[in-house]
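So the structure is just underneath, and the comments pick up after that.
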Amino acid sequence: MKLDYSALYTYFSEIELKKCLQENMEVLQRAQMGEREFEESLGWVEVEEWAGLNQLEFLEKQAERVQADGDILVLIGIGGSNQAARAVIKALNKQGKVEVFYAGNTLSPYQMKRVLEYLENKSVYLNVVAKNFETLEPGMAFRILRQYLKKRYGEAAASRVFATGTKGSRLEELCKEEGYQFLTFPVNVGGRYSAISDVGLFPMAVAGADIRALVQGAGDMAKQLSGIQGTENEAYRYAAFRNLMNQKGYQIEMLSFFEPRFRYFSKWWTQLFAESEGKENKGIYPVASECSEDLHSIGQFVQEGTPIIFETFLEIEEQDTSIKITGDDVLDGFQYLEGMDLDRINRIAFNATRKAHSERFPCFCLSIPRIEEYYLGQLIYFFEYACYLSGRILGIDPFNQPGVENYKSYMFEALGRDKLDRT
Ligand code: PA5
């Protein structure tokens with residue numbers, strides 16, 4: 001994985017960039033030593049803690065059980081509880097025997113009906129993921145889907161349910177009472193940092209992902225980021241520079257990619273940074289841009305609108321699919337592309353966009369060789385660590401999310417939750 005930030009030199013002097021790196025060095029040092037203040041949220045930092053070899057073997061065995069006769073695994077979860085698995089599964093697009101379908105991330109009855117219709121005549125398994133099992137969306141979806149399962153499979157339904165929750169949570173109790181398979185949601189890891197644990201790894205394994213390679217990638221990145229001190233630490237550089245952008249008035253970071261398989265990865269990234277950093281009236285607003293489609297929508301704003309955006313490109317270096325543009329009897333005006341590969345055209349569009357945008361605002365470029373488990377593991381860990389550092393430079397707690405409670409209190413009041421609890 002490579003991070004190119006050379007385009008920043010057009011906007012900032014070397015002295016300014018060096019000063020920014022020196023000023024925040026303490027944040028990196030504290031993170032590398034292990035911050036006591038956040039020890040209840042830093043369980044993801046040591047990859048081994050929740051994704052050691054024994055745990056991976058256990059998860060692979062559980063996944064094989066689904067693969068043996070399952071057609072579909074419904075992943076019930078929201079926010080950090082489903083984003084990482086969906087990001088990896090959609091990026092790899094393995095087309096394995098078991099399809100992973102998503103529920104519990106909306107309250108739309110239309111969507112729930114669609115899910116139920118889709119399950120007909122398929123062999124169905126459920127994986128409900130909820131840290132404390134208090135969130136409304138997964139709670140509702142799980143109730144509807146387990147009732148559906150019971151109708152179809154009777155007593156055997158329980159063996160088709162995997163529940164990922166924290167030890168001591170209501171979800172763990174339900175596993176004991178109902179006979180579901182319990183998986184562990186690490187108590188010292190928040191949802192959006194939980195990719196490399198049962199939360200993310202079990203559904204990924206069911207979908208056919210090589211979770212050992214993914215964990216290896218994350219682990220190698222962890223070694224790098226915890227070992228490299230000072231300004232050579234890539235996550236630190238990225239974190240420090242994005243804060244510099246913010247101070248200079250670039251309040252939006254746009255993650256851009258030219259491969260639609262990254263659509264859900266960008267959603268994971270957006271959630272990670274938005275929920276971690278957007279607090280105390282601070283933070284960089286993260287948005288995604290799926291190119292080249294979005295060049296034909298927000299591209300105009302990006303190039304000539306209010307100058308508040310900086311951009312991080314995600315590049316995949318190696319071609320994995322080839323489609324040649326062949327000659328045609330119809331003179332459609334695109335003859336100049338004949339003989340070229342679609343991949344080359346996509347790369348030319350990528351480079352042209354990078355050049356045009358770099359002329360307007362600061363751009364980073366993060367490259368991985370291929371879309372493979374190992375590199376996705378690296379990327380996930382890199383962004384998690386960078387987000388942690390970036391939040392600390394910003395001076396906020398990157399692991400809480402007090403703001404999301406506001407709408408919930410109105411919603412629960414309107415739904416009468418507390419009244420019911422008291423009776
Ligand atoms: O990142 C987070 O902590 C949140 O996005 C949570 O994952 C999300 O709110 C879902 O929470 P829970 O797993 O408790 O249902």
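The values are calculated or read from the model by the stated rules, or taken from the named source; none is laboratory data. Bear in mind that the values here come from a model prediction, so they are computed numbers and not experimental data. All Cβ positions, even for glycine, are placed from backbone atoms using ideal geometry, and neighbour counts span all protein chains on display. All accessible areas refer to the heavy atoms of the entire protein, side chains included, with ligands and DNA or RNA removed. Shrake-Rupley method; radii C 1.70, N 1.55, O 1.52, S 1.80 Å.
Within the stretch 68-78, can you find the residues that are touching a residue at least 12 places away in the same chain (Cβ under 8 Å) and either open to solvent by less than 10 Å² (accessible area, probe 1.4 Å) or part of a helix (DSSP H, G or I) (or both)? So that I can check it myself, show each step before the final result.
First, pick out the residues of the stretch 68-78 that are touching a residue at least 12 places away in the same chain (Cβ under 8 Å): 69-78.
Correct list: Asp69, Gly70, Ile72, Leu73, Val74, Leu75, Ile76, Gly77.
Answer yes or no: is there a residue in the stretch 128-137 that is polar (S, T, N, Q), closer than 18 Å to Gly80 by Cβ and open to solvent by less than 20 Å² (accessible area, probe 1.4 Å). Reasoning before the result, please.
Restricting attention to the stretch 128-137, the residues satisfying the condition of being polar (S, T, N, Q) are 132, 135.
Cutting the leftovers down to closer than 18 Å to Gly80 by Cβ gives us 132, 135.
So of that shortlist, the ones also open to solvent by less than 20 Å² (accessible area, probe 1.4 Å) come out as none.
Scanning the stretch 128-137, I find no residue that is polar (S, T, N, Q), closer than 18 Å to Gly80 by Cβ and open to solvent by less than 20 Å² (accessible area, probe 1.4 Å), so the answer is no.
Name the residues in the stretch 164-181 that are out of contact with any strand residue (DSSP E or B) (no Cβ under 6 Å at 6 or more places or on another chain) and away from the ligand (no atom under 12 Å from the Cβ), would you?
Of the stretch 164-181, the ones out of contact with any strand residue (DSSP E or B) (no Cβ under 6 Å at 6 or more places or on another chain) are 165-170, 173-174, 176-179.
Listed by number, the residues that qualify are Lys167, Gly168, Glu173, Leu174, Lys176, Glu177, Glu178, Gly179.
Consider Leu272 carefully, then state whether it is out of contact with any strand residue (DSSP E or B) (no Cβ under 9 Å at 6 or more places or on another chain), touching a residue at least 60 places away in the same chain (Cβ under 8 Å) and in the same structural domain as Tyr375 (by TED's automatic domain parsing).
no
Cβ-Cβ distance below 9 Å, separation of 6 or more or different chains: which pairs start in the stretch 2-20 with a residue that is touching a residue at least 24 places away in the same chain (Cβ under 8 Å) and end on one that is acidic (Asp, Glu) and open to solvent by less than 100 Å² (accessible area, probe 1.4 Å)?
Lys2/Glu234; Lys2/Glu315; Lys2/Glu317; Leu3/Glu234; Asp4/Glu315
Please state which of the following conditions Glu57 fails to meet, knowing it meets all the rest: (1) touching an Asp or Glu at 6+ places or on another chain (Cβ under 9 Å); (2) not in a strand (DSSP E or B).
(1)
Which one of Ile396, Ile348 is in a helix (DSSP H, G or I) and either farther than 15 Å from Trp269 by Cβ or over 24 Å from the mean Cα position of the chain (by Cα) (or both)? Quick ask: steps written out before the conclusion?
Values: Ile396 fails: in a helix (DSSP H, G or I).
Just a single option satisfies the conditions, and that option is Ile348.
Here is a yes/no grid of residues against (1) polar (S, T, N, Q); (2) within 12 Å of the ligand (Cβ to nearest atom); (3) in a helix (DSSP H, G or I):
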residue: Val66; (1), (2), (3): no, no, yes
residue: Ala87; (1), (2), (3): no, no, yes
residue: Tyr110; (1), (2), (3): no, no, yes
residue: Lys122; (1), (2), (3): no, no, no
residue: Val128; (1), (2), (3): no, yes, no
residue: Glu134; (1), (2), (3): no, yes, no
residue: Gln147; (1), (2), (3): yes, no, yes
residue: Arg152; (1), (2), (3): no, no, yes
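Of the conditions (1) open to solvent by less than 30 Å² (accessible area, probe 1.4 Å); (2) more than 20 Å from Glu372 (Cα to Cα); (3) outside the structural domain of Cys365 (by TED's automatic domain parsing), Arg114 clears all except one; give me its number.
(1)
Check Glu234, Glu277, Glu253 and return the single one that is open to solvent by 30 Å² or more (accessible area, probe 1.4 Å) and either touching a residue at least 24 places away in the same chain (Cβ under 8 Å) or not hydroxyl-bearing (Ser, Thr, Tyr) (or both).
Exactly one residue qualifies, and that residue is Glu234.
Determine which single condition Ala87 fails, assuming it passes every other condition in (1) touching an Asp or Glu at 6+ places or on another chain (Cβ under 9 Å); (2) in contact (Cβ under 8 Å) with a residue 60 or more places away in the chain; (3) not hydroxyl-bearing (Ser, Thr, Tyr).
(1)
Taking only the stretch 31-57 into account, find how many residues are open to solvent by 80 Å² or more (accessible area, probe 1.4 Å), touching a residue at least 12 places away in the same chain (Cβ under 8 Å) and farther than 21 Å from Val215 by Cα.
2
Please go through (1) more than 18 Å from Gly165 (Cβ to Cβ); (2) free of Cβ contacts under 8 Å to residues at least 60 places away in the same chain for Glu60 and return the number of the only condition it doesn't satisfy.
Failed condition: (2).
Residues in the stretch 325-333: is at least one farther than 26 Å from Tyr11 by Cα, in the same structural domain as Met245 (by TED's automatic domain parsing) and in a helix (DSSP H, G or I)?
We begin by selecting, within the stretch 325-333, every residue farther than 26 Å from Tyr11 by Cα; these are 325-333.
Subset that is in the same structural domain as Met245 (by TED's automatic domain parsing): 325-333.
Applying the additional criterion that residues be in a helix (DSSP H, G or I) yields none.
Within the stretch 325-333, not a single residue is farther than 26 Å from Tyr11 by Cα, in the same structural domain as Met245 (by TED's automatic domain parsing) and in a helix (DSSP H, G or I).
Is there a residue being away from the ligand (no atom under 16 Å from the Cβ) and surrounded by fewer than 21 Cβ atoms within 10 Å (Cβ to Cβ) anywhere in the stretch 188-211?
Within the stretch 188-211, the subset away from the ligand (no atom under 16 Å from the Cβ) is 204-211.
Right, trim to surrounded by fewer than 21 Cβ atoms within 10 Å (Cβ to Cβ) and you get 208, 210.
Scanning the stretch 188-211 turns up at least one residue that is away from the ligand (no atom under 16 Å from the Cβ) and surrounded by fewer than 21 Cβ atoms within 10 Å (Cβ to Cβ).
Within the set of pairs 6+ apart or on separate chains, which have a first residue in the stretch 162-183 that is in the same structural domain as Ala63 (by TED's automatic domain parsing), a second that is among the hydroxyl-bearing types (Ser, Thr, Tyr), and C-beta atoms under 6 Å apart?
Ala163/Tyr180; Leu183/Thr164
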